[in-house]
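Peer 1: For reference, the structure I am asking about is given below.
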Amino acid sequence: MRQKKIKTKKQGGTVFPWPLKKRMKSCGKLIDISVPVRAGMAVWPGDPPVELEQMQAIEKGDAANISRIAMGAHSGTHVDAPLHYISGTEGIDEMPPDALLGPARVITVSGGARGEIGQKELETHGIGRGERILLKTANSAFWRARHDLFHEEFVHLGAAAAGFLAAKKIRAIGTDYLSVGGYGGEGALAHRVLLEAGIWIIEGLDLSDAAPGSYELICLPLKIEGAEAAPARAYLRKFS
Ligand SMILES: [Zn+2]
């Protein structure tokens with residue numbers, strides 16, 4: 001449907017005459033796949049804690065509500081740039097805009113021994129060049145059950161499976177826990193293999209509400225100058 005734009009003299013800008021609900025409907029169904037940023041939420045062991053503090057409050061007589069946020073760049077839903085593991089490469093502020101905007105596919109994977117996803121399991125999904133692949137696993141439930149607990153045994157990509165995705169030249173990979181690689185072992189190697197192949201990584205997604213299938217991905221990390229990662233808001237839009 002064509003949107004009719006109207007000019008308002010007062011603001012001098014362009015506004016849409018429809019109510020917000022109607023506008024949302026016209027966008028197709030949006031699924032929020034980001035996790036809430038909360039004080040005390042689980043972070044990678046050794047990372048800074050997430051702190052939210054109300055510095056000014058209307059209830060206490062201040063003119064406005066003002067919060068202070070302190071958190072590591074790898075808290076909750078976030079994007080890893082190549083700079084995370086490779087010195088002198090792109091930081092999060094240099095992310096190409098189409099890296100995490102566009103068609104994406106949610107696939108369900110379970111992982112084998114100790115939650116490691118192997119190449120064999122990925123091979124069954126017909127993954128092709130340029131795809132944005134989001135791995136939906138049992139991890140998504142962690143965010144809703146005990147978001148304050150770090151789970152060491154989460155489903156993750158093994159280094160060989162990361163190599164398989166690198167060889168396929170996918171565009172981006174999304175995972176539903178705090179690291180694409182496992183806790184200890186090959187976790188760092190899995191990151192390096194993906195980042196060296198130019199694959200952008202989203203971590204900390206909650207894919208509970210996203211059934212396997214094709215979507216449009218909308219994920220934009222904060223533009224933090226020179227940083228290796230940044231928190232992000234992420235949505236999926238169902239193709240109708
Ligand atoms: Zn990360």
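The values are calculated or read from the model by the stated rules, or taken from the named source; none is laboratory data. Computed from a predicted structure; not experimentally measured. Note: ideal-geometry Cβ built from the backbone for every residue, glycine included; neighbour counts use all protein chains shown.
Peer 1: Within the set of pairs 6 or more residues apart or between chains, which connect a residue that is within 11 Å of residue 135 (Cβ to Cβ) inside region 163-176 to a residue that is among the aromatic types (Phe, Trp, Tyr) with Cβ atoms less than 8 Å apart?
Peer 2: 173/200; 176/143
Peer 1: If you take the residues in region 180-223 that are within 15 Å of the ligand (Cβ to nearest atom) and in a loop (DSSP other than H, G, I, E, B), which one is surrounded by the fewest Cβ atoms within 10 Å (Cβ to Cβ)?
Peer 2: Result: 222.
Peer 1: Output the residue which, of all residues in region 59-73 that are among the aliphatic types (A, V, I, L, M) and within 16 Å of the ligand (Cβ to nearest atom), is nearest to residue 229 (Cα to Cα).
Peer 2: Applying the filter and picking the extreme gives 73.
Peer 1: When only residues in region 177-201 that are of a type in the set (Phe, Trp, Tyr) and at pLDDT 95 or above count, which is nearest to residue 135 (Cα to Cα)?
Peer 2: It comes out as 177.
Peer 1: For region 51-102, how many residues meet the condition of being free of Cβ contacts under 8 Å to residues at least 12 places away in the same chain and either surrounded by 12 or more Cβ atoms within 10 Å (Cβ to Cβ) or β-branched (Val, Ile, Thr) (or both)?
Peer 2: Here the count works out to 6.
Peer 1: State which residue pairs qualify: first residue of a type in the set (Lys, Arg) and inside region 113-131, second residue exposed (fewer than 15 other Cβ atoms within 10 Å of the Cβ) and not in a helix (DSSP H, G or I) in any location, beta carbons under 8 Å apart, and separation of 6 or more residues or different chains.
Peer 2: Final answer for the pair search is 114/153; 129/169.
Peer 1: Check region 156-168 and report whether any residue there is part of a strand (DSSP E or B) and more than 16 Å from the ligand (Cβ to nearest atom).
Peer 2: no
Peer 1: In this structure, is residue 48 within 15 Å of the ligand (Cβ to nearest atom), exposed (fewer than 14 other Cβ atoms within 10 Å of the Cβ) and part of a loop (DSSP other than H, G, I, E, B)?
Peer 2: Criteria met by residue 48.
Peer 1: Could you tell me whether region 133-146 includes any residue that is in contact (Cβ under 8 Å) with a residue 24 or more places away in the chain, in contact with a strand residue (DSSP E or B) (Cβ under 7 Å, 6 or more places away or on another chain), surrounded by 21 or more Cβ atoms within 10 Å (Cβ to Cβ) and not in a strand (DSSP E or B)?
Peer 2: No - not one qualifying residue is present in region 133-146.
Peer 1: Give me the residue from region 70-120 that is touching a strand residue (DSSP E or B) at 6+ places or on another chain (Cβ under 6 Å) and β-branched (Val, Ile, Thr) and, out of that set, nearest to residue 214 (Cα to Cα).
Peer 2: Only one residue fits best here, namely 106.
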